[in-house]
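Comments concern the structure below.
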Amino acid sequence: MRPPTLIALLAALIGTLLSACGSSRGESLLDKKTWVVGVRPDLPGLGLRRPDGTFEGFDIDVARHIARDLGRTVAFVPVLAADRIPALEAKKADLVLATLSVTPERKTRIAFAGPYLTSYQDVLVRAGMPGVTGLRDLKGRRFCAVEGADPATRLLAVRGMTATLVPAQDYDRCMALMRSNGVDAITTNDVILAGLAKRAGGGMRLLGAQIAEQNSGIGIRRGDPDGCEALNGAITRMYQDGTAAKLLRKWFGGTGLDRRPIIEVPQFEGCL
C-alpha cells in the first residue's frame, strides 16, 4: 500500500478542522419552533399557575406576545426564584421570564435579552401597622426573604438600615407569615408586591420606598447573540405598538402601578 501523500494528509486535516468548526456552532433559540419558557407559578399578576395547570400573568402574556412576534410557540414550565438560572443551565428551559433582575453576578452565568420591564424595589406592610410611613420606620424589623432572590441584600445596603431576615421558599409563604404576624414586611419588585396586595383584597399597602431600580430581563443561555437580538427587536416593537402599556393596565390596574408612565423602551443589555 502506498503511503499517503502530503496533499492527502493536508486534505484530511482541513476536513477535520472544518467538521470541528461546524460542530462547535452553538444552539440558538432561532433554531426552535417551540420555546420552553420558565415562568413563576407563585406570583399573582406576574406568573401564577391556575388550578387547571395553566399559567396567567404579565410575564406569561409577554412571553406569548414575543413568541408570536417571532413566529414561535411556547410551552411553560414552573420555576421558583432559586430554580431560574439552574433551569437554563440544565437546559430544562430555553428562556426564563420570571421577574429575573439583571445583576452582574447573574451575567457571569447566563445572558439577558431586554430588559422588558423596569420596576422599583418597594416594601409591603400591613395596612394597619402603626407608625410606619417610610423605610427607616422598619429598622430592625422582620423581613421575609425568598430563597434565590436578592432584594434583601439591597435592603441591607441602604445606609443605616438593619433587619432580621426570615427565609421562605416563595411569596405565598411570605404572605402567610404576614397574615400571622410572623414577619413585619416583604421587600421585592413593586410589581410583585402589587400583585400580592391585589390578590389579598385589602389589608396590605405599599410604602412607595423605591429602594432601587430593578430591570427584569429575559434569561437565556450565553453564546446566542442572534437569539438575543431577535428578542430585543420583539421587546422594542412591544413598547412601540402600545402592548406593554396595555398589559401593565390589564394586570396592575387599581394598584397605582398602572399609572406609572411607560415612556420608552428600557435600555438593553448587550447581547453576548
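The values are calculated or read from the model by the stated rules, or taken from the named source; none is laboratory data. Keep in mind the model is a prediction, meaning the values are calculated, not measured. Positions of Cβ are generated from backbone atoms using ideal geometry, with glycine treated the same way; all protein chains shown enter the neighbour counts.
So in region 152-193, with the set limited to residues that are of a type in the set (Gly, Ala, Ser) and at pLDDT below 90, which one is nearest to Leu80 (Cα to Cα)? Let's see the steps before the verdict.
Residues of region 152-193 that are of a type in the set (Gly, Ala, Ser), as a first pass: 152, 157, 160, 163, 168, 176, 180, 182, 185.
Applying the additional criterion that residues be at pLDDT below 90 yields 152, 157, 160.
On the way: Ala152: 17, Ala157: 24, Gly160: 31 Å.
Filtering first and then ranking leaves Ala152.
Here Asp226 meets each of (1) touching a Ser or Thr at 6+ places or on another chain (Cβ under 6 Å); (2) buried (at least 18 other Cβ atoms within 10 Å of the Cβ); (3) part of a helix (DSSP H, G or I) with one exception, condition (2).
A single entry from Glu269, Glu264 fulfils the requirement of being touching a strand residue (DSSP E or B) at 6+ places or on another chain (Cβ under 8 Å) and either modelled with pLDDT under 90 or hydroxyl-bearing (Ser, Thr, Tyr) (or both): Glu269. Checking region 144-154 against the condition returns no match, with no residue being touching a residue at least 24 places away in the same chain (Cβ under 8 Å) and polar (S, T, N, Q). Say whether the condition of being hydrophobic (A, V, I, L, M, F, W, C), surrounded by 14 or more Cβ atoms within 10 Å (Cβ to Cβ) and in contact with a strand residue (DSSP E or B) (Cβ under 7 Å, 6 or more places away or on another chain) is met by at least one residue in region 236-248. Within region 236-248 (the criterion being hydrophobic (A, V, I, L, M, F, W, C), surrounded by 14 or more Cβ atoms within 10 Å (Cβ to Cβ) and in contact with a strand residue (DSSP E or B) (Cβ under 7 Å, 6 or more places away or on another chain)), the answer is no, since none of the residues qualifies. Considering Leu135, Leu97, Leu124, the condition of being in the same structural domain as Gly182 (by TED's automatic domain parsing), touching a strand residue (DSSP E or B) at 6+ places or on another chain (Cβ under 6 Å) and surrounded by 18 or more Cβ atoms within 10 Å (Cβ to Cβ) is satisfied by Leu124 alone.
Arg64 falls short on exactly one of the conditions (1) under 13 Å from the mean Cα position of the chain (by Cα); (2) part of a helix (DSSP H, G or I); (3) under 21 Å from Lys33 (Cα atoms), and that condition is (1). Restricting Leu138, Leu43, Leu48 to residues that are within 19 Å of Leu193 (Cβ to Cβ) and under 12 Å from the mean Cα position of the chain (by Cα) narrows the list to Leu43. Quick check: anything in region 190-212 part of a strand (DSSP E or B), under 17 Å from the mean Cα position of the chain (by Cα), aliphatic (A, V, I, L, M) and surrounded by 16 or more Cβ atoms within 10 Å (Cβ to Cβ)? The answer is no, given that none of the residues of region 190-212 is part of a strand (DSSP E or B), under 17 Å from the mean Cα position of the chain (by Cα), aliphatic (A, V, I, L, M) and surrounded by 16 or more Cβ atoms within 10 Å (Cβ to Cβ). Within region 214-238, the set of residues being modelled with pLDDT under 95 and of a type in the set (Ser, Thr, Tyr) comprises Ser216 only. Does Arg142 qualify as being modelled with pLDDT of 95 or more and in the same structural domain as Thr164 (by TED's automatic domain parsing)? Yes. The numbered conditions (1) in the same structural domain as Leu88 (by TED's automatic domain parsing); (2) surrounded by 19 or more Cβ atoms within 10 Å (Cβ to Cβ); (3) touching an Asp or Glu at 6+ places or on another chain (Cβ under 8 Å) are all true for Leu231 except (3). Is there a residue being surrounded by 22 or more Cβ atoms within 10 Å (Cβ to Cβ), assigned by TED's automatic domain parsing to the domain that holds Gly219 and either at pLDDT 95 or above or among the aromatic types (Phe, Trp, Tyr) (or both) anywhere in region 64-78? Among the residues of region 64-78, at least one is surrounded by 22 or more Cβ atoms within 10 Å (Cβ to Cβ), assigned by TED's automatic domain parsing to the domain that holds Gly219 and either at pLDDT 95 or above or among the aromatic types (Phe, Trp, Tyr) (or both), which makes the answer yes.
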